[in-house]
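K.L.:
Submitted below is the structure of interest, expressed as structure tokens.
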Amino acid sequence: MIQSADLCLCQADYSNTVHVAALVDLLDGYARDPAGGGEPLSDFAKTNLPAALRGRPFMFSVLAFDPMEDSLPVGLINCVEGFSTFACKPLVNVHDVVVLPSHRGRRVAQHMLALVEQMARERGACKLTLEVLSGNHSAAILYRRMGFENYQLDPAMGHAQFMQKWL
């Protein structure tokens, strides 16, 4: 746990009811935001997410609480450990970054990302990855300030594009 006068950061314990409630509430708020798709989490996701996360040792989350507001949960990052075949080492994908609207602009995400980076290094990861929507300019500025760049191997081939296919 990392604590300062205005922020308390920790790795989420998926068995801790306070942490699980914070994670689900923050993720639901993010899902309802236009940047998260504008739809609430399904009842299935809300009910089953804690057990699903507990059963996946390659997942970890960082939570931020505001100690000045009765330890209000204000930030969340969900991460997935993957594997780089080129480096033959783990990598960590930053999958969700959530900060309450009331706490944006206070460097909450920056502090959470610094803890994620520390945890990734402890896991022996060779890199962090993430995706950001092209219209989320403030997030892209933060990520670049923290050292993230568009992924490319050869500039002549261009940079990677994030794609999906629903199953």
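The values are calculated or read from the model by the stated rules, or taken from the named source; none is laboratory data. Keep in mind that what you see is a predicted model, and the values were worked out from it rather than measured. Every residue, glycine as well, gets a Cβ built from its backbone with ideal geometry; the counts of neighbours run over all protein chains shown.
K.L.:
Quick check on Asp43: is it within 18 Å of Cys79 (Cα to Cα) and surrounded by fewer than 16 Cβ atoms within 10 Å (Cβ to Cβ)? If you could, list the steps in order and put the result at the bottom.
P.N.:
Values: within 18 Å of Cys79 (Cα to Cα): no; surrounded by fewer than 16 Cβ atoms within 10 Å (Cβ to Cβ): yes.
When the stated conditions are applied, Asp43 does not pass them.
K.L.:
So which of Leu9, Leu41, Leu49 ends up being more than 21 Å from Lys127 (Cβ to Cβ), in a helix (DSSP H, G or I) and modelled with pLDDT of 95 or more? Show your work before the answer.
P.N.:
Details: Leu9 fails: in a helix (DSSP H, G or I); Leu41 fails: in a helix (DSSP H, G or I).
The conditions single out Leu49.
Here is a yes/no grid of residues against (1) at negative phi; (2) β-branched (Val, Ile, Thr):
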position	(1), (2)
Gly38	no, no
Ala45	yes, no
Leu49	yes, no
Val62	yes, yes
Pro67	yes, no
Leu91	yes, no
Val97	yes, yes
Pro101	yes, no
Thr129	yes, yes
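K.L.:
Pairs under 7 Å by beta carbon, first residue more than 13 Å from Asn78 (Cα to Cα) in region 12-25, partner in a loop (DSSP other than H, G, I, E, B) and not hydrophobic (A, V, I, L, M, F, W, C), six or more apart or different chains?
P.N.:
Going by the 7 Å Cβ cut-off, there are no qualifying pairs.
K.L.:
What pairs come out if I take residues in region 150-165 that are farther than 14 Å from Leu130 by Cα and free of Cβ contacts under 8 Å to residues at least 24 places away in the same chain and pair them with residues that are surrounded by 10 or more Cβ atoms within 10 Å (Cβ to Cβ) and of a type in the set (S, T, N, Q) whose C-beta lies under 8 Å away, six or more apart or interchain?
P.N.:
Qualifying pairs under 8 Å: Gly158/Gln152.
K.L.:
Among the residues that make up region 91-106, is at least one of them within 17 Å of the chain's Cα centre (by Cα), surrounded by fewer than 13 Cβ atoms within 10 Å (Cβ to Cβ), modelled with pLDDT of 95 or more and more than 19 Å from Leu27 (Cα to Cα)?
P.N.:
No: region 91-106 contains no residue that is within 17 Å of the chain's Cα centre (by Cα), surrounded by fewer than 13 Cβ atoms within 10 Å (Cβ to Cβ), modelled with pLDDT of 95 or more and more than 19 Å from Leu27 (Cα to Cα).
K.L.:
Additional query: Go through region 141-155 and count every residue that is of a type in the set (Ser, Thr, Tyr) and either surrounded by fewer than 12 Cβ atoms within 10 Å (Cβ to Cβ) or in a loop (DSSP other than H, G, I, E, B) (or both).
P.N.:
Here is the first cut: in region 141-155, the ones of a type in the set (Ser, Thr, Tyr) are 143, 151.
Now restrict to residues that are either surrounded by fewer than 12 Cβ atoms within 10 Å (Cβ to Cβ) or in a loop (DSSP other than H, G, I, E, B) (or both): 151.
Total meeting the criteria: 1.
K.L.:
Suppose we filter region 123-140 for residues that are loosely packed, with under 11 Cβ neighbours inside 10 Å and either closer than 23 Å to Ala87 by Cβ or aliphatic (A, V, I, L, M) (or both); how many remain?
P.N.:
Here the count works out to 1.
K.L.:
Given the criterion closer than 22 Å to Arg32 by Cα, in a helix (DSSP H, G or I) and not aliphatic (A, V, I, L, M), identify the matching residue among Ser61, Ser102.
P.N.:
Numbers: Ser61 fails: in a helix (DSSP H, G or I).
Just one listed residue meets the conditions, Ser102.
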